[in-house]
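Every number in this text was worked out from the coordinates using simple rules, so none of it is lab data. Everything quoted here is computed from the prediction, not taken from an experiment. No Cβ is skipped: glycine too gets one built from the backbone with ideal geometry, and neighbour counts run over all protein chains shown.
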């Protein structure tokens, strides 16, 4: 008795030839129709959701959508009719609408599903769907759509509903209502534009001077000089203002950073030139001054590359829905979640998230905590059990009694940890600032020495020489090396699907000597388990299993149902689900039982079924065994091998069912910790840091958010950059996790390139200083040296980074 | 000599005018989305067949 009779066969090839399998793809989303095939107007659809979208588009004459891009749609589930009802609540409405009047209103929705030309076309033709919509405009980079509509003709909730129905569900959460639009980038561009404009014109007016003018043109020279001065004033007061403010700030903090010598140099240049022009003693160095500001601002602009559609600073609020159904005077009414108070009764539907710690009022409910704890399987809660915020209801709607407001729930207490109070400016000393400090003291020393020398030899020239020293000491090339090295690296990594929050992360990544992984969602794919089938089941019997398991909401049933492709038209009678044991039903006169070994065979003496194993018995005879295991991402072995000792630990919120599998994958030296709470993970990282390690945490869910924040570098892994990722320093696409070690190597190389760039710029400064201390720094020499040093440093770092990236990332196939 | 001064003042005025236009472009958000407009202009306006011929 038992599994002994089973002949071992791997699953999919078993699919028997009695049923013809033609892979039909969905007309809407282009995916293979695995679960069911629906037909409408000679087109095939994989699910009811896709078909509905087609129907809507068809009735509104919008089928051009399908001709612009092939299978542009997204597979999606049909949502209930009142999911967006809360949008009409006054408080929500007020926050969302950009403009509101009785017959005209304007709103902007964030729609993660926007991905192609067809999306733009469809979303800009919304007025065909509903006459109340006046105009809609897509911003592809931000994945938003702005809709102007007539509130008398169409409600805001209706627009949300329309969008969801055509497969573009808007993502509305608390963050939207509080988010500020970034305007600093625009400022930077304006400053850069002004500096560039003035630099060009000043250079033009300085040219005659360099080429040599006759004495007869002296009056013209004066005109040019005054024009130069006029053009430099806006550069000094607007474009360069940031450097002066930054150096003032660093003086207040009693620290010397790179901005101090820059500000000193700029100030010396401008004042010396103004003095020269006003006293008519020379043409000044204004071309060098404006050029410097221009190059410096280009560096800043280049480094500030950001990924607009990605969010790195999300906290728990963006994970919760905006509103929830609350019982008010016997009726269900949508309320905003931060208005929830203890004692409120709320109703949560299938796949919705519980917004606050509460008590279950119904008899039972299945709650999926996978995102909060990393535990893969839903837990069953009974009446009056406490359920925690962040859990997801699986199955029929359930009612809860709120115990604590959202902001005080068990989950959000993680955000009160010290790790989240830290500002972004950590104590980390940047390489550039260390270099700048040394640089500043050297320059000051030289300036003082030359001042003494000239004071005793030719006191009249002393001030001129001091200003010259400060002018050429301005570490422009030094300041450009970092933005261009790290900025180029940021772009290279972005092309390989690692999106970093900013360029500083590269420097921290280079210093990492301990890597910690999360399991569920990072190493394994939580939502697509491997199901292997053994036994002697026929194709028809597989179809029955699929049918029976599709009745159950248990995650094992769902996984099994999803992997079987045979379909049957038979029906189930007498379906029973016995919690903790299995399911039973009668199909075509056969009693089918699926579940644990004891349940399927009536043999009590059998050892307990290992988790993830499901037995199938037909008419009391054991016929098959299905093993459901979390599937591990591909090609991890090589990456873990190359990380070697640097890979320190695996922290999982899940049970230790996969321990053996993980230990063979990671090797003996890696510590495996299971059943870890989010707090445990954070503490583990902190411990490592106290041992002097620089830690890289790779995780994905809310349960890792504390660890991601605490770690020196926190990378969130995701397979879809549109969905939620916790606050982190970078987002890594799931398909690229096997290159993690290469990204670390690249960041090390960039630090080396940066240091080489420093040496080059120091050499230029040394040459220029030799001119300055001897009193030979003419405007012409300055005008040649400064751009030359900047351009060569910029060229060196950009080319260096790209060559290094090609060399390191090319080895990928090996 | 006067002619150079005159020419320079004219050219500088025009250049400043362009700078001002650029500032206005940035501030009014014309460079916010660099992708969508390039696609949008290629969409054909489909003829409305249902409209009665007048």
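For residue A:254 and residue A:810 in one chain, what is 0.36 nm times their gap in residues minus the Cα-Cα distance, to one decimal in nm?
Once the chain is fully extended between residue A:254 and residue A:810, it gains 195.6 nm.
Provide a whole-number value for the mean count of partner chain Cβ atoms within 10 Å of the Cβ atoms in peptide A:217-223.
On the way: counts 2, 0, 2, 4, 0, 0, 5.
That works out to 2 on average.
Placing a label point 7 Å from the Cα of residue A:457 along the Cα-to-Cβ direction, the residues of segment A:779-803 whose backbone N falls under 20 Å of that point are A:779, A:781-782.
Taking only C-alpha pairs under 8 Å that are 6+ residues apart, what is the relative contact order of segment A:317-410 in percent? Write down the numbers at each step before the final one.
Numbers: 233 pairs, mean separation 32.5, N = 94.
Normalised by residue count, the contact order of segment A:317-410 is 35 percent.
Taking the C-alpha atoms only, the angle from helix A:286-303 to the longest principal axis of chain A is near 10 degrees. Spin-label model, residue A:329 to residue A:44: label points 7 Å out along the Cα-to-beta-carbon direction sit 5.4 nm apart. Rounded to the nearest 0.05, the FRET efficiency derived from the C-beta distance between residue A:99 and residue A:659 at R0 = 35 Å is 0.05.
Taking all Cα pairs closer than 8 Å and separated by 6 or more residues, the relative contact order of chain A comes to 12 percent. Per-residue ellipticity at 222 nm from helix content only, as computed over chain A with -39500 (n - 2.57) for each DSSP H run of at least four residues, stands at -13500 deg cm²/dmol.
Partner shielding of A:226-236 amounts to 1, given as the average count of beta-carbon atoms from other chains within 10 Å of each residue beta-carbon. Per-peptide packing, taken as the mean over residues of other Cβ atoms within 10 Å, places A:115-128, A:259-272 in the sequence A:259-272, A:115-128 from highest down.
Is segment A:86-178 best put as rounded, prolate or oblate by its Cα gyration tensor, with a ≥ b ≥ c the root eigenvalues, rounded for a/c under 1.5, and otherwise prolate when a/b is larger than b/c, oblate when not? Oblate. Helix A:740-773 and the longest principal axis of the C-alpha atoms of chain A enclose an angle of approximately 10°. In chain A, the longest principal axis of the Cα atoms and the axis of helix A:431-457 are about 0 degrees apart. Mean per-residue shielding of peptide A:138-147 is 3, counting Cβ atoms of other chains within 10 Å of each Cβ.
Rounded to the nearest 0.05, what FRET efficiency is calculated for residue A:210 and residue A:497 with R0 set to 45 Å and r the Cβ-Cβ distance? So, using R0 = 45 Å, E works out to roughly 0.40. When you count the other C-beta atoms within 10 angstrom of each residue and take the mean per peptide, A:485-497, A:281-293, A:653-665, A:444-456 line up highest first as A:281-293, A:485-497, A:653-665, A:444-456.
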